[in-house]
Every structure is written in C-alpha cells, then in structure tokens.
Amino acid sequence: MCGRFYVDEEVWREIYRIAEASGRGQSLQKHAGLGTGGRRDVFPSSQAMVIRGVQKRAEVQNMKWGYEIPGLKKLLINARSETVREKRLFGQDFACRRCLIPAKGFYEWKRSGSGSGKTKYRFHDGSGILYLAGIYRMSEQGEEFTILTRAAEGCMEGIHSRMPLLIDAGSIDAWLFAEGEAEKLLHASLPGLERERAEEEGKEQDGGYEQLSLF
C-alpha cells in the first residue's frame with residue numbers, strides 16, 4: 001500500500017515549474033503554508049499538490065488525499081491498479097481523471113515477527129523525483145485523489161505485499177493524456193528503488209490506515 005509519502009525542495013521546484021508553465025504560478029503562492037521550500041511528510045486526509053492534465057496541458061492542483069465513501073469510516077487512500085478499470089467506483093476516474101503525485105519518496109512499515117511493533121522504511125530512487133500514479137474526482141468536499149498500487153517488487157518485497165504504481169518521467173504525458181497508453185502503464189515496473197530504515201521499531205506507526213481488500 002502507500003500510506004505516507006514525502007516531498008522536498010526538488011519536488012516543490014518541479015511543482016512550481018509546472019505551475020508557471022500553465023500560468024498558475026501566482027496561485028501556487030497561496031499554498032505556501034503547505035510547506036513549499038522544504039521537506040514535508042504527507043499523510044492521508046491532508047492536502048497535496050497533484051499533477052493533472054487539462055486541455056492537453058499539465059497543471060498542478062491542490063487536492064485532499066483520500067476518497068470519502070458513504071458508509072466507510074476510513075478514507076480510501078489506495079486503489080488496486082489491477083482492477084481500477086473494472087471497478088464502478090474508479091472506472092470513470094481512470095478513464096477521464098488520471099493524475100500523478102510527485103514525491104521524493106514514500107514510507108512503508110514491516111511488522112515484527114512477534115507482531116508487537118513495526119519498523120519504518122523509506123523508499124526512494126537515490127536521486128530525482130518519483131511520480132506516483134493516481135486518479136481523482138470531485139466531491140462535495142472538493143477534489144480528492146487516491147494512489148494506485150501494484151504487487152510489491154524489488155526492495156519492497158518482504159516489507160509489504162503492495163507498493164505504489166510508479167510512472168517514469170518520460171511517460172508523464174502518456175499517463176495524463178492517452179487512456180490507451182495509460183492502460184499499458186498499469187503494468188509498469190520502475191526498477192532502481194532504494195530502501196533504508198527510517199526510524200527505530202515501535203517509535204512511529206502508520207496511522208492505522210489500511211488498503212481495503214475490496215478495492
């Protein structure tokens with residue numbers, strides 16, 4: 001799954017570059033309080049800058065992480081890439097409202113053998129920006145996004161069974177603007193991730209968010 005990610009100055013510079021190119025640089029300044037210019041962890045239910053395609057042009061938009069679903073007490077923060085096209089809840093969003101969430105890296109927790117604690121790990125590619133695949137929608141509360149996940153591979157194996165679907169920088173336009181190409185990218189593999197221990201076991205938990213197996 002993906003229950004937390006982080007951004008840094010490099011990510012904010014990329015966000016601002018896209019905002020400037022789309023004529024929304026000044027609008028971005030209104031969100032300076034969100035952490036622009038520095039490192040920040042992003043949690044479910046919080047606001048994040050998301051890249052979406054509008055009239056064949058990439059733009060950034062501030063959105064809340066997590067779909068609010070009537071009858072569910074928790075936000076739906078992840079959707080399975082394997083079934084996103086078929087699920088009624090997600091199908092139209094995938095077809096028309098795909099997005100990318102720029103991040104420097106993300107976290108995952110591994111349960112201890114005794115089950116009494118968790119160890120926190122940080123995943124990144126050593127340099128550069130990761131682009132987490134997502135979809136978004138408009139709700140009564142505003143625009144919301146969820147992050148797509150895939151089966152774990154590489155250094156994520158043994159930590160968790162799921163990981164974010166990652167899109168390489170060269171495929172950004174294909175993901176945002178071409179549904180047929182985006183369908184192919186649902187099976188994308190991005191090698192080269194690095195893993196490092198982030199904190200001592202038991203000091204910090206993942207907030208209790210779980211990816212609902214239904215989705």
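The values are calculated or read from the model by the stated rules, or taken from the named source; none is laboratory data. Keep in mind the model is a prediction, meaning the values are calculated, not measured. Note that each Cβ is placed from the backbone with ideal geometry, even for glycine, and that neighbours are counted across all protein chains shown.
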Open item on the list: For the range 97-118, give me each residue that is more than 29 Å from Glu183 (Cβ to Cβ) and surrounded by 18 or more Cβ atoms within 10 Å (Cβ to Cβ).
Closed with: Trp109, Lys118
Task: Residue that is surrounded by the most Cβ atoms within 10 Å (Cβ to Cβ) [pool: residues in the range 173-192 that are modelled with pLDDT of 95 or more and within 20 Å of Gly105 (Cα to Cα)] - done: Trp175
- [ ] State yes or no: is Phe94 touching a helix residue (DSSP H, G or I) at 6+ places or on another chain (Cβ under 7 Å) and surrounded by 14 or more Cβ atoms within 10 Å (Cβ to Cβ)?
- [x] no
Task: Residue list for the range 129-158, restricted to those being closer than 19 Å to Pro44 by Cβ, surrounded by fewer than 18 Cβ atoms within 10 Å (Cβ to Cβ) and aliphatic (A, V, I, L, M) - done: Met138
Task: strands (runs of 3 or more DSSP E) contained entirely in the range 5-71, each with at least 2 residues that are out of contact with any Asp or Glu (no Cβ under 8 Å at 6 or more places or on another chain) and either surrounded by 14 or more Cβ atoms within 10 Å (Cβ to Cβ) or modelled with pLDDT of 85 or more (or both) - done: 40-42, 47-54, 57-65
- [ ] Name every residue in the range 74-84 that is closer than 14 Å to Glu143 by Cα and in a loop (DSSP other than H, G, I, E, B), in order of residue number.
- [x] Leu75, Ile77
